[in-house]
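Trainee: One structure follows; several queries about it will come next.
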Amino acid sequence: MYVGIDADGSHFVIPVEAKGRAPSEKLTAEQIISNHEATLMQFPDVPCISVAAKVIDDYRIALIRFKVDIKTGSVEKEFERHYVLAANPPKGTKLPPTLTDTEILENVKDKPLSSEGSVTS
């Protein structure tokens, strides 16, 4: 969990769920909701920005921001960005293609996906 202050001096809290690249390491809606709820209990008057980090390969990581609705138990991906961790990968290294939104969302277990791509309870 990170606590930040923006340029206007407003505080916010960022719970981060991080996963490695092993197939067994999956992002789930339950984890995102649980982190969000715990953050709101600890900091009830501070805006909460739920984020997940997923290792793609040795050189790239995906950072995903979620919109969480505690009342309905829904988690919706607001946006996703991929970042290269090493500026100069070893010569001859072929990086795999970027994960698609569908591949990321397929890793969310036990929650049906709506037609808009959001995860619901």
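No value in this document is a laboratory result; all are computed from the given coordinates. Since we're looking at a predicted model, the values are computed, not measured. All Cβ positions, even for glycine, are placed from backbone atoms using ideal geometry, and neighbour counts span all protein chains on display.
Trainee: Any chance you could check the Cα centroid distance between the range 48-80 and the range 30-44 for me, in angstrom?
Mentor: About 14 Å separates the Cα centre of the range 48-80 from the one of the range 30-44.
Trainee: Which FRET efficiency value, to the nearest 0.05, is calculated for ASP58 and MET1 with the Förster distance at 30 angstrom and r the Cβ-Cβ distance?
Mentor: 0.65
Trainee: For ASP8 and GLU30, what does the FRET efficiency come to when R0 = 41 Å and r is the distance between their Cβ atoms, rounded to the nearest 0.05? Intermediate results must be reported in sequence, preceding the final value.
Mentor: On the way: r = 33 Å, r/R0 = 0.81.
So, using R0 = 41 Å, E works out to roughly 0.80.
Trainee: While we're on this one: Using R₀ = 25 Å, calculate the FRET efficiency as 1/(1 + (r/R₀)^6) where r is the Cβ-Cβ separation of ARG21 and GLU76; round to 0.05. Don't jump to the answer; show the numbers that get you there.
Mentor: Values: r = 24 Å, r/R0 = 0.96.
The calculated FRET efficiency here is 0.55.
Trainee: Go through 68-78, 16-26, 52-62, 38-48 and give me the packing order, highest mean Cβ count within 10 Å leading.
Mentor: Details: 68-78: 15.1, 16-26: 11.7, 52-62: 17.6, 38-48: 13.5.
Answer by packing, highest mean first, reads 52-62, 68-78, 38-48, 16-26.
Trainee: How far, in nm, would the chain grow between VAL46 and ASP69 when pulled straight, counting 0.36 nm per residue and subtracting the alpha carbon separation? Provide the component values of the computation, followed by the final result.
Mentor: Details: separation 23, 0.36 × 23 = 8.28 nm, distance 1.55 nm.
This chain segment gains 6.7 nm when fully extended.
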